[in-house]
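Quick notes on the structure that follows.
The values are calculated or read from the model by the stated rules, or taken from the named source; none is laboratory data. All values derive from a computational prediction rather than experimental measurement. FYI the Cβ positions are ideal-geometry reconstructions off the backbone, even for glycines, and counts take in every protein chain you see.
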Amino acid sequence: MRAMLLVNPKATTTNARTRDVLIRALGAAVELSVEETGYRGHAATLAATARAKGFDVVAVLGGDGTINETVNGLLNPVDGHDVHDIPPADDPSSGRPGLIVIPGGSANVFARSLGLPNDPVEATGAVLEALREGRRRTVGLGHALWEGESRYFTFCAGMGYDAEVVRAVEGLRGTGRKATPARYVNTALRHYLATDKRHAPMTLTGPGIPAADGVFMAIISNTSPWTYLGAKPVTPTPWASFETGLDLLGLRRMGPVQIAGLIRQILTESDAVPSGRHLVQLHDEAEFTLAADRPVAFQLDGDYLGERESVTFRSTPNALQVLV
């Protein structure tokens, strides 16, 4: 079996010694080529190259951002074009390498949602066992489309307040600070005081979906949990899974009472759908659109992508084979 391992040398939870151990372990099980990512978007280019060259498996040692790039490279091969220029195939899983995920980031939501250990060494042991036993899991993905561009996501997308927090944390990371759970919480609290809580910009529409306006924030989930605060899962859409369509939780009020009640529910009632008249909720949907009367912050898999006025979200079933 030929495998390409994509290594993010800046992954926050690994060092050179750990990476060497993991590379040797994988190299003993497969015919391994190792590539380091060097810039934003590099993992997508490398994954597309692996697919074009007929590799059986692409492994990723990195965080959710590197995994997202890899997935987009596998689904949208680069051949003189940007990955966003190429429409999705009719059969998204056909002819594509399998995916191996080894967590190396700060949150590792996709890996943990697959049931992998959060420790990279333990996760490597789990995927080596999957290799020996030939275990593969088929997972669906989300697909976001806007202004002639598109991008797949593995576990979540967001528009509004949550994306504003992602943007603020990315700014802090740019100054050399780590994206710890405490930093996300503190940034979210500080940003809440400054965000517009009176003029909700977004409207939700979709085939067979009653229109809902006055939405401040929308979380779109392809699986659950949505994220983690350390070891604590955060579950705004507990019914979401890789085997169903997309779920959504939208907020129509941003008052302290509503926010406090929602936080309590998504942190303590992991199996129950949040309740409240101020919420907009969807489950197992194939497609819907969020349109805003002003540009709003937008993120995919924890990666801030700028401000958008309209984004369509689609479910892509059976998109990838993951060794797990």
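Checked against the criterion of being assigned by TED's automatic domain parsing to the domain that holds Thr195, at pLDDT 90 or above, out of contact with any His (no Cβ under 9 Å at 6 or more places or on another chain) and within 21 Å of Gly206 (Cβ to Cβ), segment 252-268 has no qualifying residue.
Taking segment 29-56, which residues are β-branched (Val, Ile, Thr) and either in the same structural domain as Asp303 (by TED's automatic domain parsing) or assigned to a helix (DSSP H, G or I) (or both)?
In the first step, residues of segment 29-56 are kept if they are β-branched (Val, Ile, Thr); the result is 30, 34, 37, 45, 49.
Selection gives Thr45, Thr49.
Can you tell me which residue within segment 10-49, out of those that are of a type in the set (Asp, Glu) and over 25 Å from Tyr152 (Cβ atoms), is surrounded by the most Cβ atoms within 10 Å (Cβ to Cβ)? Looking at residues that are of a type in the set (Asp, Glu) and over 25 Å from Tyr152 (Cβ atoms), I get Glu31.
Are any of the residues in segment 129-149 of a type outside the set (D, E, K, R), modelled with pLDDT of 95 or more and over 23 Å from the mean Cα position of the chain (by Cα)? Yes, some residue in segment 129-149 is of a type outside the set (D, E, K, R), modelled with pLDDT of 95 or more and over 23 Å from the mean Cα position of the chain (by Cα). Residues in segment 226-239 that are crowded, with 16+ Cβ neighbours inside 10 Å and farther than 18 Å from Gln299 by Cα: Pro233, Pro238. Restricting attention to segment 108-125, the residues being outside any loop (DSSP other than H, G, I, E, B) and surrounded by 18 or more Cβ atoms within 10 Å (Cβ to Cβ) number 8. Residues in segment 96-107 that are of a type in the set (Lys, Arg) and part of a strand (DSSP E or B): none. Comparison of Asp90, Asp162 shows that the only residue that is modelled with pLDDT under 95, closer than 25 Å to Glu287 by Cα, assigned to a helix (DSSP H, G or I) and of a type in the set (D, E, K, R) is Asp162.
State all residues of segment 232-249 that are of a type in the set (Ser, Thr, Tyr), under 26 Å from Tyr192 (Cα atoms) and either in contact (Cβ under 8 Å) with a residue 40 or more places away in the chain or part of a strand (DSSP E or B) (or both); if no residue qualifies, say none.
If we filter segment 232-249 for residues that are of a type in the set (Ser, Thr, Tyr), which is where we start, we get 235, 237, 241, 244.
With the extra rule that they be under 26 Å from Tyr192 (Cα atoms), the set shrinks to 235, 237.
Thr237 - this is the single residue of segment 232-249 that is of a type in the set (Ser, Thr, Tyr), under 26 Å from Tyr192 (Cα atoms) and either in contact (Cβ under 8 Å) with a residue 40 or more places away in the chain or part of a strand (DSSP E or B) (or both).
Glu285 meets all of the listed conditions (1) closer than 24 Å to Asn76 by Cβ; (2) touching a Phe, Trp or Tyr at 6+ places or on another chain (Cβ under 9 Å); (3) buried (at least 21 other Cβ atoms within 10 Å of the Cβ) but one, namely (3). Is there a residue in segment 192-201 that is over 15 Å from Leu251 (Cα atoms) and without any contact (Cβ under 8 Å) to a residue 60 or more places away in the chain? Yes, there is a match, as at least one residue in segment 192-201 is over 15 Å from Leu251 (Cα atoms) and without any contact (Cβ under 8 Å) to a residue 60 or more places away in the chain. For beta carbons closer than 6 Å, sequence separation of 6+ or different chains, a first residue in segment 208-225 that is over 14 Å from Leu279 (Cβ atoms) and in the same structural domain as Val311 (by TED's automatic domain parsing) and a second that is modelled with pLDDT under 95 and assigned to a strand (DSSP E or B), the qualifying pairs are Pro225/Pro233; Pro225/Val234.
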